[in-house]
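Here's the structure we're looking at; comments come further down.
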Amino acid sequence: MISEYPKEVTLRDKTAIVLKPFERKDKDALLAFFQRMPEADRLFLKDDVTDPAVVNRWAVELNYDKVFPLLAWRGNDVVADATLHKNLGGWMKHVGTIRMVVAREFQKHGVGSILANELFLHALKSGLEKIVAEMMETQEGARKVFEKLGFRQEAVLHGHVRDQIGIRHDLLVLTKDLEEFWANIQTHEYFSYPSRDREGG
Ligand SMILES: CC(C)(COP(=O)(O)OP(=O)(O)OC[C@H]1O[C@@H](n2cnc3c(N)ncnc32)[C@H](O)[C@@H]1OP(=O)(O)O)[C@@H](O)C(=O)NCCC(=O)NCCS
């Protein structure tokens, strides 16, 4: 499923980046990326990603069927990290969650949109039926990235998260129903999308 990587992509400003899934050997580059990042951009991540033990655990437990981590590289530096989290069993087996973070100096260059699109296609190929993205109401960039892909706000959890100075914010839950997406594709017979491989369930 990941034979398409590494993939070179040219940004709007003509900078070339390379997309490649995280591998064990990349853990130092990934840790350096997180350690360079301002705290505000790391807020929504569930773990303390500046802790080498956390990144090391991801490397040890790497399983693309559970978490598919796609990195954007500029030379030897990681400039963005996007993950698709799947549930291997249970009542949310059909649901995937996307998280992503782009290095400050690469934000607003289209990297987030490119990565969201890649993970969206990956979710389609995995047979997921619904994708979720969560963000604070202040994270306009994140909202825009997902709305461009057709995600819609499904829920607001009021005062649910705190920012780095302790102020509470609403958490927006944006979702995209892939069952609906496939139904529309079949109805309209658009252009060719990756074949629907229902290996996930
Ligand atoms: C959210 C994030 C991933 C977006 O990545 P990005 O590479 O900047 O996104 P893009 O360049 O593809 O921008 C997509 C659109 O959003 C707009 N945008 C990006 N950041 C923005 C911001 N802070 N405010 C308003 N608009 C913004 C861009 O101008 C672009 O608009 P366009 O398509 O009309 O040109 C990045 O800002 C980030 O890492 N933020 C911190 C962590 C975070 O919020 N993660 C999301 C949780 S899932």
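In this structure, is Glu118 at pLDDT 95 or above and more than 20 Å from Pro21 (Cα to Cα)? The answer is no for Glu118.
All told, Lys130 falls short of being under 13 Å from the mean Cα position of the chain (by Cα) and buried (at least 16 other Cβ atoms within 10 Å of the Cβ). Given the condition under 24 Å from Lys144 (Cα atoms), among the small types (Gly, Ala, Ser) and surrounded by fewer than 20 Cβ atoms within 10 Å (Cβ to Cβ), answer yes or no: does some residue in the stretch 105-121 qualify? For the stretch 105-121, residues under 24 Å from Lys144 (Cα atoms), among the small types (Gly, Ala, Ser) and surrounded by fewer than 20 Cβ atoms within 10 Å (Cβ to Cβ): present.
In the set Thr97, Thr83, which member is closer than 18 Å to Val173 by Cα and either out of contact with any Asp or Glu (no Cβ under 9 Å at 6 or more places or on another chain) or of a type in the set (Gly, Ala, Ser) (or both)? After applying the criteria, what remains is Thr83.
Residues being among the aliphatic types (A, V, I, L, M) and over 20 Å from Phe120 (Cα atoms): count how many of those fall in the stretch 75-95. Of the residues in the stretch 75-95, 1 are among the aliphatic types (A, V, I, L, M) and over 20 Å from Phe120 (Cα atoms). All of Val49, Val78 fail the test of being surrounded by 15 or more Cβ atoms within 10 Å (Cβ to Cβ), over 14 Å from the mean Cα position of the chain (by Cα) and modelled with pLDDT under 95, apart from Val49. Condition check for Gly127 on (1) over 21 Å from Asp81 (Cα atoms); (2) free of Cβ contacts under 8 Å to residues at least 60 places away in the same chain: one failure, at (2).
Checking each residue in the stretch 145-201 for being of a type in the set (S, T, N, Q) and either at pLDDT 95 or above or not in a loop (DSSP other than H, G, I, E, B) (or both) picks out Gln153, Thr175, Asn184, Gln186, Thr187.
The values are calculated or read from the model by the stated rules, or taken from the named source; none is laboratory data. Because the structure is predicted, anything quoted here is derived from the model rather than measured. A quick note on method: Cβ atoms are made from the backbone with ideal geometry, for glycine too, and the neighbour counts reach across all protein chains shown.
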